[in-house]
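The values are calculated or read from the model by the stated rules, or taken from the named source; none is laboratory data. All values reported here derive from a predicted model rather than from experimental measurement. Please note: Cβ atoms are built from the backbone with ideal geometry, for glycine as well, and neighbour counts cover all protein chains shown.
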Amino acid sequence: MEKSIETIWKEGFLKSDALVAPKLNDLYSQKSIHIIDKFKRMFKINLTVIVVGSFLLLGASFFTGIPVMGVGFFLILSVIVIVNKRLSNGLEKIDKNVNSYQYLKTFDNWMKEQLSVNRRMARFYYPLFFLSMLLGFWFSSHNGTSLGEALVNKVILNYSDIYLVFGIPLIGILGVILVVCILAFFGAQLYKLDVNLIYSRVFKKLDEIIADMEELRS
């Protein structure tokens, strides 16, 4: 039985070596390669900015007298870069010789895995960023005394009956724990906001192309 026009059209779209509907194949192939290449460029630039920024922040922290914060930020950012650089190896392995739909779906699966890994990491590194900043200012010098020690002395002077734990007001410790827990709980959402600020247009375009392809396949 002869194939219908709809069947022939779909086969021309789905098979990279098909002779039918070549313009459609070329169009989606070009769109697929373009959107992924654009993401690769943005991803590489983003990692480069993080690396450069981490070194600049490290140097600035020593210059401004808050080296603990600079070292903490540098280590956290380095881990983020290393993990994402390793994840990017999977991106380079995506085969461009398959049809455009498989190409995009493979990329989409890689991206979902990459986002999932970073969301889990965000639950840890946002609290660590906060703690690094807090410790940086705590140990910064203030008239020969650390800022944290000077602050505690001032609090004790005004509230002599305040309860201390290892020389630190309990209420301050509880406040820090609360902020850390909030950042850990909302870490994934904060990461999503960060990512959407940079890649939202790419994600939207990717979803549109995949939706078009799946509509043609249905």
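Restricting attention to segment 102-125, the residues that are touching a helix residue (DSSP H, G or I) at 6+ places or on another chain (Cβ under 6 Å), under 20 Å from Lys204 (Cβ atoms) and hydrophobic (A, V, I, L, M, F, W, C) total 3. Take segment 160-215 and flag every residue that is farther than 18 Å from Asp108 by Cα, in contact (Cβ under 8 Å) with a residue 12 or more places away in the chain, in a helix (DSSP H, G or I) and among the aliphatic types (A, V, I, L, M). Across segment 160-215, the qualifying residues are Val176, Val179, Val180, Leu183, Ala184, Ala188, Leu190.
Of all residues in segment 195-204, at least one satisfies being surrounded by 12 or more Cβ atoms within 10 Å (Cβ to Cβ), under 19 Å from Leu128 (Cβ atoms), under 21 Å from the mean Cα position of the chain (by Cα) and at pLDDT 80 or above. Hey, any hits in segment 92-99 for a residue that's surrounded by 13 or more Cβ atoms within 10 Å (Cβ to Cβ) and outside any loop (DSSP other than H, G, I, E, B)? Within segment 92-99 (the criterion being surrounded by 13 or more Cβ atoms within 10 Å (Cβ to Cβ) and outside any loop (DSSP other than H, G, I, E, B)), the answer is no, since none of the residues qualifies. Going by what's in this entry, would Gly144 be described as surrounded by 14 or more Cβ atoms within 10 Å (Cβ to Cβ) and closer than 28 Å to Phe74 by Cβ? So Gly144 fails the test.
Let's see how each residue does on (1) within 21 Å of the chain's Cα centre (by Cα); (2) over 28 Å from Ser54 (Cα atoms); (3) buried (at least 17 other Cβ atoms within 10 Å of the Cβ):
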residue	(1), (2), (3)
Trp110	yes, no, yes
Met121	yes, no, yes
Val152	no, yes, yes
Asn158	no, yes, no
Leu178	no, no, no
